[in-house]
1. Hey, Lys89 hits all of (1) surrounded by 13 or more Cβ atoms within 10 Å (Cβ to Cβ); (2) modelled with pLDDT of 90 or more; (3) not aliphatic (A, V, I, L, M) but one; which does it fall short on?
2. Counting only residues that are at pLDDT 80 or above, more than 30 Å from Ala118 (Cα to Cα) and surrounded by 10 or more Cβ atoms within 10 Å (Cβ to Cβ), how many does region 56-86 have?
3. Determine, yes or no, whether Ala114 is on the phi < 0 side of the Ramachandran plot and either modelled with pLDDT under 90 or over 19 Å from the mean Cα position of the chain (by Cα) (or both).
Amino acid sequence: MKHYVLSLAVLGTLMGCQSDTQDLQEFVAQVKQNTQISIEPYPTFSKTPAFKYQVADKRSPFQRLSGISADVVQTVKANCLQPDFSRAKHPLEQYGTDALSIKGFFTRQQQTWALIQANDGTLHKAKAGDHLGLFFGRITSIKDGNVYIIEMLPDGTGCWQEKQATLTVSQAAGEQKNV
């Protein structure tokens with residue numbers, strides 16, 4: 001008898017659930033009926049006319065000019081800031097400043113030196129006055145955990161502009177803080 005009463009209770013609950021979901025099903029059907037689906041048409045693209053290359057007998061723009069070496073041609077203007085192209089390059093000038101990180105400092109005979117690691121793992125020491133970077137950078141000072149640099153960037157007219165940059169101890173190679 002107990003099982004019979006329990007079965008009737010479960011059956012009554014299921015019947016109640018079915019009537020409770022009836023209004024939900026009606027609501028979903030109403031929303032589907034009233035919702036309009038609109039899809040934008042594909043855009044139309046105009047055809048670009050074919051281009052005929054008329055200078056096939058000329059030099060390719062991707063080839064070097066004949067008679068000019070692979071070195072970059074420097075245009076020097078009078079009366080404007082210029083780097084010293086004749087000076088011997090320091091080892092740190094083969095790396096960009098973004099490929100350098102400071103690993104530490106030491107002082108020897110009242111001269112502060114920075115230990116600078118390049119992204120290829122080589123470790124170099126540098127002091128104020130040494131050069132580094134690809135843009136004729138010169139270390140102006142080393143103090144307070146920073147290496148202060150002045151770089152020379154071409155301005156496109158044959159002259160060069162100075163830009164200050166700072167390398168810090170906490171930076172990893174690839175990060176640079178501009179001042």
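1. Every listed condition holds for Lys89 apart from (1).
2. Total satisfying the criteria: 2.
3. yes
The values are calculated or read from the model by the stated rules, or taken from the named source; none is laboratory data. As the structure is a prediction and not an experimental result, all values here were calculated from the model. For neighbour counting, all protein chains shown are included, and Cβ atoms are generated from backbone atoms with ideal geometry for every residue, glycine included.
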